[in-house]
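The structure appears right after this line, and notes come after that.
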Amino acid sequence: MDILFSLIDGIMIALQPMNLGLAIVGVIVGLFVGAMPGLGSVNGVAILLPFTFVIHNISGGATSPMIFLAAVYYGAMYGGAISSVALGIPGASTAVATTFDGRPLALQGRAHIALMAAALASFAGATISNVLFTAFAPMLASVALDFGNPEIFALMLLAFATFAGLGGDDVAKTIFSICFGLALSAVGFDIISGEPRLLFFDIQGFSHGIRFLVLAIGIYGIAEMLWTLNSARGDSSISKVDVSFASMFEAMSRFRHAWRGTLIGSALGFFVGLLPAAGATPASLMSYGIAKMTSRDSKNFGKGALDGVAAPEAANNSASTGAMLPMMTLGIPGSPTTAVLLAGMVIWGLEPGPLLFTEQPDFVWPLIGSFYISNFVAVLVNIAFIPLFLWMLRMPFTILVPLVFVLSVVGTYAAYMNMFDVWLMVLVGIGGFFMRMMNYPVAPAVLAIVLGPIAEPTLRQTLMQYETFTVFLTRPIAGPITIAAIFLILLPMVRPLIARIRGGRAGAKGI
Amino acid sequence: MRRGEIITAFILGIFSVYLMWKSGEPPAWNPDVPRFANIGYDESGTPGSGFWPFWLGVMMLASCIWTGVSWALKRTPASVSEEPLLDAHGWKMLITVGGGLLGFTGLIHILGAYGAILVFLLYYIRFLGKHAWVKTISISVSVPVVCFFFFDIAMRIVLPKGYLEPLFIPLYDIFL
């Protein structure tokens, strides 16, 4: 009961007119920053951090600045899905998985359904996560510490295995794409030994590594557009989407078909978000994989499955709240955004630690209350803006395509302030177009370049610590995950054998 | 498609070998270390800097060989398809759109981001899209203006200006 009363007190403080106004402004700003390709929640929070000093001077307390930052964070997490669905460019790494099915839905003229599912799944994910956070925060903080390097690498392996085993694409090409993405993520400096490596053709631009957004924008912004142009054969519009109240209500009612993905994303997202060094991006990709793996309609994934939109969106919002937990109770940020948020919170008086909830209740509960309020404001604002986002899709193809190219180029430059990355993005886009034409799946490569910087150090640190690969099979948490991953990798090879055996038996019985 | 399949697998196979070769490179400050000394464990039991990319390269090469075998045995749809990789429409699209995109990126070095956006949108909307001049000019001018106020003014992210930099100094004086 104490928790409930504290939470109600916190929500009442977050609902004060000034705090509510800040939440609304923060959500709207975050939504548009998150929707802009190249800019994600980390940019929004970092850029707006200085504004909290102004808010602090006006409000005279630490609560209002923190509510504003939380609102920007939530807004940006919602916004990432918008460009994924409407333009086919992931606004941030957390929204990559949303593109896999959100984009096909938009191309089928069902962008309103995808955007509504993304908004409602995000709301559900964040709400479930908030409740879990409120109820189990201190206990879960210690569980997260049981996840060491072997467990995290096993989770990464499972994510890759899902694509190889259940992707439905050519297995050899899928494995190539995964390894290709992982290899690209290793370009630059080896973070363990500090040695430069893989500076292709000795071009110094590679020394800072190949950034995720360069690959993602190149593949989804450029390659996908070129592929669509080649397939559309002069068709003038990208999709004939209906923007009306009736279509909005229809989109809302369709969301009931996405409950499975939403639940998987919410639960898994929160759990993965808790893990130090994981965060919302791996959570959304894994949730997509698990939703696909457990779906009866897994063949529809990648072609416009509603669960394929709901699972990653629920997961990235759920993980965003989950990632607050190690940040607040252990002082370990789970992602770049939470690192910036932690900096903001420390400026305004937070002292992270296991006793945070007992020693600083006046700070913590209004902040948690603001999570609930920001989430509620974010879903309302997001739904209100859906017609505006849909309007983008009604543009003629010959206007939308150059705008997507402009946003891709400008977004890449804005993210890294480097023309080398812009050139690389364009070349990756043109190369990706040819790979797409030759049926090399691009999604696993994007997944791999995101997870590579987590997978490599966890594998090497495990081998340094335990000096054997068998540790992945013998540890109580890592073992079952690794076995599941091995099973999935072998599944495409085993499946024809099983079919042959069944066929043989059926033949022997004379069926 | 059949020819494209094996050519792509061959090119990607060459890239895999190059990746393995680069992974084994000794660090610049210690050229006496033999190549490929870093792809296994060092004397302290630590996997070297080339360990991860080298073995990924091996797996990539194995995947390309697998694709090649499937091609030879005609097991995949692409390996039995006699359709061309790109037809005349595809090549025209790639040259006009892909070429325009490369030109746009190159123009950023000369005209800056905003000037290049203006020229690229004029080219695409008017000459590829065949829209009316009024629509073309209104979009081509408004997009760089909105981008300028969003990136340079609101977000304080300064995009390149190229040789047009002096034109922006009065705007900075007014808005910043």
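Read-outs: derived from the displayed coordinates by stated rules, not from any lab. From a predicted model like this one, the values you see are computed outputs, not experimental measurements. Cβ sites come from the backbone with ideal geometry, for glycine too, and all protein chains shown count toward neighbours.
Counting charges near residue B:8 (Lys, Arg +1; Asp, Glu -1) among other residues having Cβ under 13 Å from its Cβ returns a value of +2. Shape descriptor for the range A:162-233: Rg over Rh equals 1.08 (Cα atoms; Rh from the Kirkwood inverse mean 1/r).
For the range B:88-175, a Kirkwood hydrodynamic radius built from all Cα pairs, placed in the Stokes-Einstein relation at 20 °C and 1.002 mPa s, yields a translational diffusion coefficient of 153 µm²/s. Summary of packing: across the peptides A:367-375, A:262-270, the per-residue average of other C-beta atoms within 10 Å ranks them, highest first, as A:262-270, A:367-375.
Rg then Dmax, both in Å and based on the Cα atoms of chain A: 22.6, 85.
Pairs A:173/B:22; B:22/B:74; A:173/A:303; A:299/B:74; A:303/B:22; A:173/A:292: which exceed 29 Å Cα-Cα? Table pairs above 29 Å Cα-Cα are B:22/B:74; A:303/B:22.
Normalised by the residues of chain A, what does the relative contact order come to in percent, with Cα pairs under 8 Å and at least six apart? Contact order relative to length: 28 percent.
Summary value for chain B: 18 percent relative contact order, contacts being C-alpha pairs under 8 angstrom separated by 6+ residues. Compute the long axis of helix B:99-121 from its Cα atoms, compare it with the longest principal axis of the Cα atoms of chain B, and write down the angle in degrees, 0 to 90, nearest 10. Helix B:99-121 sits roughly 50 degrees off the main axis of chain B. If you wrap the Cα atoms of the range A:288-443 in a convex hull and average its projected area over all directions, you get 13.4 nm². Roughly what percent of Cα-Cα pairs across the range A:265-321 reach past 15 Å? Taking all Cα-Cα pairs of the range A:265-321, the fraction more than 15 Å apart is 38 percent. Take each residue of peptide B:55-64, count the partner chain Cβ atoms within 10 Å of its Cβ, and average: the result is 6. Legend: translational diffusion of chain B by Stokes-Einstein, Rh = Kirkwood radius over C-alpha pairs, 20 °C, 1.002 mPa s; D = 100 µm²/s. Annotation: amide H-H contacts under 5 Å for residue B:81 (H modelled 1.01 Å from N, sequence separation of 5 or more, or interchain): B:2. Of the DSSP H helices in chain A, those with a Cα length along their own long axis of 20 Å or more and a mean Kyte-Doolittle hydropathy reaching 1.0 comprise A:17-35, A:63-86, A:111-144, A:149-166, A:171-185, A:259-274, A:361-393, A:397-416, A:419-437, A:478-508.
Relative to the compact-globule estimate of 2.2 N^0.38 Å, the Cα radius of gyration of the range A:1-87 comes out at 1.19. Here's the picture: charge each Lys and Arg Cβ at +1 and each Asp and Glu Cβ at -1 in the range B:2-80, and of B:68, B:38, B:56 the one pushed furthest to the positive end of that dipole is B:68.
What is the log10 of I(q)/I(0) for the range A:351-487, computed with the Debye formula using one identical point scatterer on each Cα and no solvent, at q = 0.09, 0.16, 0.19 Å⁻¹? Here the Debye-derived log intensity ratios amount to -0.66, -1.10, -1.10. Short-range pairs are left out: with C-alpha atoms under 8 Å and at least six residues apart, the relative contact order of the range B:2-80 is 37 percent. The residues A:422, A:85, when put in order of fewest to most other Cβ atoms within 10 Å, stand as A:422, A:85. Mean residue ellipticity at 222 nm, helices only, chain A: -24500 deg cm²/dmol; runs of at least 4 DSSP H residues each add -39,500 (n - 2.57), and the sum is divided by the number of residues.
The average projected area of the range B:2-80, computed from the convex hull of its Cα atoms over all directions, is 6.1 nm².
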